[in-house]
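Just so it is clear, none of the values below were taken in a lab; they were calculated from the coordinates. Fair warning: this is a prediction, and the values are worked out from it, not measured in the lab. Glycine also receives a Cβ, built like all others from the backbone with ideal geometry; neighbour counts cover every protein chain displayed.
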Protein chains: 2
Amino acid sequence: MDNRDNVQRPRVTINDIAEATGFAASTVSRALSRPGRVNAATRERIVAVARELSYVPNTHARALTSGRTETVAVLVSDVTNPFYFGLIRGTQHQLKAAGYTHLLIDTENSGELESHTLSKMRQSIDGAIMATSRLSRRLLAELAAELPLVAVNRMVRGVESVVLDSPSGVAQAAEHLISLGHREIVYMSGPQNSWANEARWRSLVAAAARHGLPVHRLGPFPAGRMSGSAAADALINTRATACIAFNDLLAIGMLTRLRERGVGVPDEISVVGCDDMFGADFCYPTLTTLAAPIEQAGRVAVSMLLARLHDSAPATRQSAVLPTHLIVRESTGPAPR
Amino acid sequence: MDNRDNVQRPRVTINDIAEATGFAASTVSRALSRPGRVNAATRERIVAVARELSYVPNTHARALTSGRTETVAVLVSDVTNPFYFGLIRGTQHQLKAAGYTHLLIDTENSGELESHTLSKMRQSIDGAIMATSRLSRRLLAELAAELPLVAVNRMVRGVESVVLDSPSGVAQAAEHLISLGHREIVYMSGPQNSWANEARWRSLVAAAARHGLPVHRLGPFPAGRMSGSAAADALINTRATACIAFNDLLAIGMLTRLRERGVGVPDEISVVGCDDMFGADFCYPTLTTLAAPIEQAGRVAVSMLLARLHDSAPATRQSAVLPTHLIVRESTGPAPR
DNA sequence: TCAAGGCTGGCAAACGGTTGCCATTCCTGT
DNA sequence: ACAGGAATGGCAACCGTTTGCCAGCCTTGA
């Protein structure tokens, strides 16, 4: 082969443009990144030449002086959890629209890795969106003081956040089950350090209490579909006729296992999931679940973050709450007599 | 609230270490990034102080001079396509292990966006892994000449690649169907500009030909599950008793639609997917599909890329082929009489 | 004893932008 | 006609590291 490896074609810099236009490099810089600071005619000229030379600003040089990187990190505990699809999609679109780079980071369910990565990244990002962080309240607040941050599905004072109103969704689910005649409802718990898990559990307890019914809780079951088997087995040993699972991944895992063991769903047991993730509509039976506008959550989170980055205003620490609703499919039915 | 926004604690730089140890900044730099270049005792001292001050090198400053960014971009056509799960996981692990940053980019199925993003990113990454690129052969080769590149599931001369041996897998699938008595097999085609799509089709034609059977092709159907309905409808209008779909997403979409229309699977029609993606084992009926070691593909791709980046050796342009195999589940059965 | 050469460490110039500050020009209003 | 100030452009320092080059010093072998 005669084509040499990586022919480094000399990159066009701001100086090349300066030379070509006769202006100083500083003027070129301003023309390109501070519109109002130079004469309109001058800017036009510079922009034209920049385009002609197909100039691409060097991110690193810029970051070095200005501190701005135009990059936002999105931290999820596991990229391959379909729950994050919508979030990733939402943040991605919104960030791309704003000209930001989307840095997706998988924290592998570890809070330690989370804060460690973040401190290492500190200089490479302008801000971060933390989805279902495993960090302690204190740590999260500390981090938020150092770095513009928006948390998703996690509420901590001092940290901006967008949360999905699962509580009211879970209440809906409970009503749904109760109206179908179920009296023994159990909650299949997710990871202990999950904020959403606790929120869901509490809200189920409250909803059931309104009807004078007790609820029990099984678990915790770690994230992941494998846990479904254990969860299903545990459930069978109870007198429950219905369950609400921490999330769809767990619920689907249970469905598979219940089918294996010949337990009819929803004839013998009704199953409700959470999140309406990819697959909930084509598993068997299709899953009754709590749908959340997670893609929108991603977009809102990005908007909040960008507002914070752009406006010099301190921004009132706010928190957006997005509504959820129950989608009834085939996995729930009347309680057996 | 009294805690000020973003208390920029002064970052520790190489100069702070220089001052603390009495050495020059250049020596500190070398101690940290070029082990053999300084006295062992000196280095130890410097490393100790660096740790004590919890020094974190500034990525941008480094990138600016050295050109190295320790970042690899992984381009996929759609992050939310479960097919990429394994790939993302594989590349991520391998890159993290090597201390590299994993920059995931969604090209939104557009070749234009792909090359555009890449040229913009050029300076921010050391190399790229392109999964199922939509780029033309020529463009891809051009890019590879400018930037270390490894293509996944795409074979172009002059570009290193790792491909999944779907041809032999498709052949297996064909044999499977034929042995079940199917004589009218159709291929549900994916996007036209997909290399894998063509490879699969050709190999199906060849396999069927060995048995003296003709095969037809329907489509193309764009990527995405929505296409499944159209595909199923198209299929019903033929005399086919079995089909092989371009990928599982399409196959699952078809399954849903067939069920809606009351067509029994596999009693009336057998369906085979490709990729064994997330969901193939819990859809209804569970999907017979072609499993590929996609996570391993990601790891191999990263290994190839890193080898290329580290060894000054030009690296013989090679291509790894990974085996695939058929997983038989419930969506295939004997041909109806 | 001395030249050759390997080790080490320091100096200073990049890398490609950004930005504080200053100089010049051109308006304004009085 | 003139002071005050906005608009515009240039100068040069700086961001934090890397790296080519040079200068001592210490070995070594002749």
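Odds and ends about this structure:
- Span from the segment A:259-323 Cα centroid across to the segment B:230-247 one, whole angstrom: 33 Å
- Across the identical copies, the 7 Å label point of A:Ala307, projected outward along Cα→Cβ, sits 5.2 nm from its counterparts, in ascending order.
- At 0.692 mPa s and 37 °C, Stokes D of segment A:1-106 from Kirkwood alpha-carbon radius, µm² per second: 196 µm²/s
- Percentage relative contact order, segment A:138-287, counting C-alpha pairs under 8 Å, at least six apart: 19 percent
- Over all pairs of different C-alpha atoms, segment A:37-182 has a mean inverse distance whose reciprocal, the Kirkwood radius, equals 18.0 Å.
- Within segment B:131-283, all pairs of alpha-carbon atoms sorted by distance into 5 Å bins from zero give the percentages 2, 9, 19, 20, 19, 13, 8, 5, 3, 1, 0.
- Descending semi-axes in whole angstrom, ellipsoid equivalent of segment A:96-146, from the Cα gyration tensor: 20, 13, 10
- Taking packing as the residue-averaged number of other Cβ atoms within 10 angstrom, the listed peptides A:31-40, B:163-172 run from highest to lowest as B:163-172, A:31-40.
- Ascending distances from the B:Val328 label point to its copies in the other chains, with the point 7 Å along the Cα-to-beta-carbon line: 4.2 nm.
- Largest-first principal axis extents, alpha carbons of segment A:210-291, Å: 34, 28, 26
- Shortest first, B:Asp267 label-point distances to identical copies amount to 1.6 nm, with the label point at 7 Å from Cα along Cα→Cβ.
- Mean silhouette area of the protein assembly as shown, derived from the convex hull of its C-alpha atoms and averaged over all directions, reads 35.4 nm².
- Mean projected area (nm²) of the alpha-carbon convex hull when segment B:159-225 is viewed from all directions: 5.3 nm²
- Stokes-Einstein D in µm²/s, Kirkwood radius over Cα pairs - chain A at 10 °C with 1.306 mPa s viscosity: 70 µm²/s
- Likely footprinting exposure, B:Val152, A:Val156, fewest C-beta neighbours within 10 Å first: A:Val156, B:Val152
- Partner lysines for B:Lys120 [C-alpha distance under 18 Å; skip if fewer than 8 residues away on the same chain]: A:Lys96
- Size descriptor, Kirkwood hydrodynamic radius, that averages inverse alpha-carbon separations across segment A:235-337, Å: 15.6 Å
- Placed amide H near A:Ala151: partners under 5 Å, 5+ positions off or other chain: A:Met130, A:Glu160, A:Ser161, A:Val162
- For chain B, the relative contact order works out to 17 percent when only alpha carbon pairs closer than 8 Å and six or more residues apart are counted.
- For chain B, the longest principal axis of the Cα atoms and the long axis of helix B:40-52 meet at an angle of about 70 degrees.
- Per-pair calculated FRET efficiency, R0 = 45 Å: A:Val56 and A:Arg239 via Cβ, rounded to 0.05: 0.10
- Residue-normalised convex hull volume from the C-alpha trace of segment A:186-242: 71 Å³ per residue.
- Kirkwood Rh in Å, taken over all unlike Cα pairs in segment A:55-96: 12.4 Å
- Label-zone membership for segment B:57-89, site B:Ala25, 7 angstrom Cα→C-beta point, backbone N under 18 Å: B:57-67
- Segment A:1-136 - percent relative contact order, Cα under 8 Å, separation 6 or more: 23 percent
- Helix-derived mean residue ellipticity, 222 nm - over chain A, DSSP H n ≥ 4, -39500 (n - 2.57), to 500: -13000 deg cm²/dmol
- As a proxy for reagent exposure, ranking B:Leu113, B:Leu306 by other Cβ atoms within 10 Å from fewest up yields B:Leu113, B:Leu306.
- Peptide B:97-106 is shielded by partner chain Cβ atoms: per residue, an average of 4 of them sit within 10 Å of its Cβ.
- By the count of other C-beta atoms within 10 Å, a proxy for reagent exposure, A:His116, B:His60, A:His93 are ordered fewest to most as A:His116, A:His93, B:His60.
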